Amino acid sequence: MSHFQGIESYHPAIAEYHLLPFRFSHLQHEQYVLSNLAGEYLVLDRDALLDLVTHRLDQNNPIYTDLRARHFLMDSSTSIAPTLISLKLRTRYQRLAEFTTLHIFVVTLRCEHACPYCQVSRQSEDTLSFDMSQEAGSAAIDLALKSPAQLLKFEFQGGEPLLNFRLIQSIVLEAKGKAERLGKQLTFVIATNLALMTKEILDFCREHSILISTSLDGPRELHNTNRPRPGDDSYERTVRAIALVRGALGPDRLSALMTTTEASLSQAKEIIDEYMSRGFPGIFLRALSPYGFAIKTRSYRAYNTERWLRFYKEGIEYIIEQNRQGRDFVEYYAATILKKMFTSEDPGYVDLTSPAGIGIGAIVYNYDGSIYASDESRMLAEMGNDHFKLGHVLTHSYKDIYTSPRLLEALEESFAYSAPMCHDCAFEPFCGADPVFHYATSGDYVGRKPESEYCNRNMEIIKFLICRMEEDRFVRQLFTKWANR
Ligand code: SF4
């Protein structure tokens, strides 16, 4: 008989633990992503995942501690996990009580540009019947101020909204007076191509702290090809006005958006260089949406999701290298997803929320007084499909609009947590629901996710971001910084 016990006697005991609800999806090779209701995620090898679900995971394994800390399992050492999960879940959905924050006023459909990818089907410059009336503007203000949210953003869009600047002025003045009496705070944004910017307009913007959002598609040739206007000088006018706006309002009062056309796909680095050289702190690499002139002119179908993703990944890699060399620069779509991954805060970006952002994240008052559930909904309406029209500012009450069966049905059916495939998807906490996109492309609010470009695009981007963090310590630190901006 031996004086020593066998080696197996010294193996730590297999812990008794309970699994808490989680989902897992394949990441790459033998790796899987696990996520839970609290929005926590973890990457595990297949063997570790098997050990976890068959209750064979060793409690001295560092993975065990990680899984317990992130509420994937619970053992006798603590019983607080369910409470923490419910707290984090409540924080995640907190924004729902504070609706609707973004109110979009389409003050005119007129535009002096003729962009082939235009998603709002603009009208020529002199067609005054496409301007919003004073009466409709006032009624829209009253509806907007009924929102439970205390902080409201009014965004003026077009067409080119500066073509109806008089109405913008009167809405700002009227809304400020009414909001003050109700104790609400307003911020204003004008989404403009800047071609018609003048000193008088800038003076008004400075006086009323109005932010400016513009379009910059990339270097001169690309921008002017994408955004034709009389004189072929869209780029020149935009960069001249960027300097003017910054001088008048301050460097952080102006942001820019780009749209990816077929011509952009081979120029990811050049587009990013343009943004960096113009002093922007980041870029939002955006794909085309399937609405408006983008469909009529076939711009939308000019490239597929796979091609766009190659462009996106090339752009992200380039931005990572720029940061590695000491230049701070952000990609905003990635930053939004990362914020959802690493913080309890929901950035509230309409395309990446569930329940969807339609109506409760943003609402649109069209030039003719019609009310739409989102910007994309009115773009769909301009194509002859007004399924997401919720009413009219002059004839419908606040209650009619927000209890409209069209809105509630779309919100309920598209809720990702219970939608087919999203329900089982580990990426659901970082993704969203887009009933308008799916209605436009497949005729229902959910779509068939394996065929959905929205799903393919988001899943691929989320996987890409996680993989890059797994393989590169610098990228993990950089992405954590983006998440906490
Ligand atoms: S849309 Fe796709 S990626 Fe997003 S949660 Fe649903 S299944 Fe997952």
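The values are calculated or read from the model by the stated rules, or taken from the named source; none is laboratory data. Keep in mind the model is a prediction, meaning the values are calculated, not measured. Cβ: placed from backbone, ideal geometry, glycine included. Neighbour counts: every protein chain shown. Note: accessible area is taken over every heavy atom of the protein model, side chains too, but ligands, DNA and RNA are not part of it. Shrake-Rupley method; radii C 1.70, N 1.55, O 1.52, S 1.80 Å.
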Write out the trypsin sites (Lys or Arg not before Pro) in the range 295-375 meeting two conditions: DSSP loop, and at most 13 other Cβ atoms within 10 Å of their Cβ.
ARG298, ARG327
Kirkwood hydrodynamic radius of the range 110-263 from all distinct Cα pairs, in Å?
16.5 Å
The range 130-274, relative contact order [Cα under 8 Å, separation at least 6], %:
22 percent
In whole percent, what relative contact order does the chain give with Cα contacts below 8 Å and a gap of six or more residues?
15 percent
When the Cα centres of the range 269-287 and the range 209-249 are compared, how far apart do they sit, in Å?
13 Å
What size of dipole, in debye to the nearest 20, comes out for the chain about its Cα centre when the only charges are +1 on Lys and Arg C-beta atoms and -1 on Asp and Glu C-beta atoms?
800 debye
Under the helix-only model (-39500 (n - 2.57) for each DSSP H run of 4 or more, divided by the residues of the chain), the mean residue ellipticity at 222 nm, to 500 deg cm²/dmol, is -12000 deg cm²/dmol
Taking the range 373-444, which chymotrypsin sites (Phe, Trp or Tyr not before Pro) meet the DSSP loop condition and have no more than 14 other C-beta atoms within 10 Å?
none
Work out how much length LEU19 to ARG46 would gain on full extension: take 0.36 nm times their residue separation and subtract the Cα-Cα distance, in nm to one decimal.
8.0 nm
Label-point separation in nm, SER129 to LEU196, each point 7 Å along Cα→Cβ:
1.9 nm
Check the range 75-213 and count each lysine pair with an alpha-carbon distance under 12 angstrom, considering only pairs eight or more places apart or from different chains.
5
Could you give the length gained by full extension between SER277 and THR343, i.e. 0.36 nm per residue of separation minus their alpha carbon distance, to one decimal place?
20.7 nm
DSSP beta bridges in the chain [antiparallel fraction, %, rounded to 5]:
45 percent
Rolling a 1.4 Å sphere over the protein heavy atoms, what is the accessible area per residue of the chain, to the nearest Å²?
45 Å²
Inter-label distance, nm, simple model (7 Å from Cα along the C-beta direction), ARG310/SER138:
5.7 nm
Whole number please: convex hull volume per residue, Cα atoms of the range 322-448, in Å³.
147 Å³
Taking N as the number of residues in the chain, the ratio of its alpha carbon radius of gyration to 2.2 N^0.38 Å works out to 1.08
Cα-based convex hull, the range 24-90, per residue volume (Å³, whole number):
77 Å³
Which one of LEU309, GLY282, ALA149 has its Cα pushed farthest toward the positive end of the charge dipole of the chain, where Lys and Arg give +1 and Asp and Glu give -1 at the Cβ?
ALA149
In percent, what relative contact order does the range 1-114 have, based on Cα pairs under 8 Å that are 6 or more apart in sequence?
25 percent
Across 5 Å bins from 0, what is the distribution of all Cα-Cα pair distances for the range 161-212, in whole percents?
4, 19, 33, 24, 11, 6, 2, 0
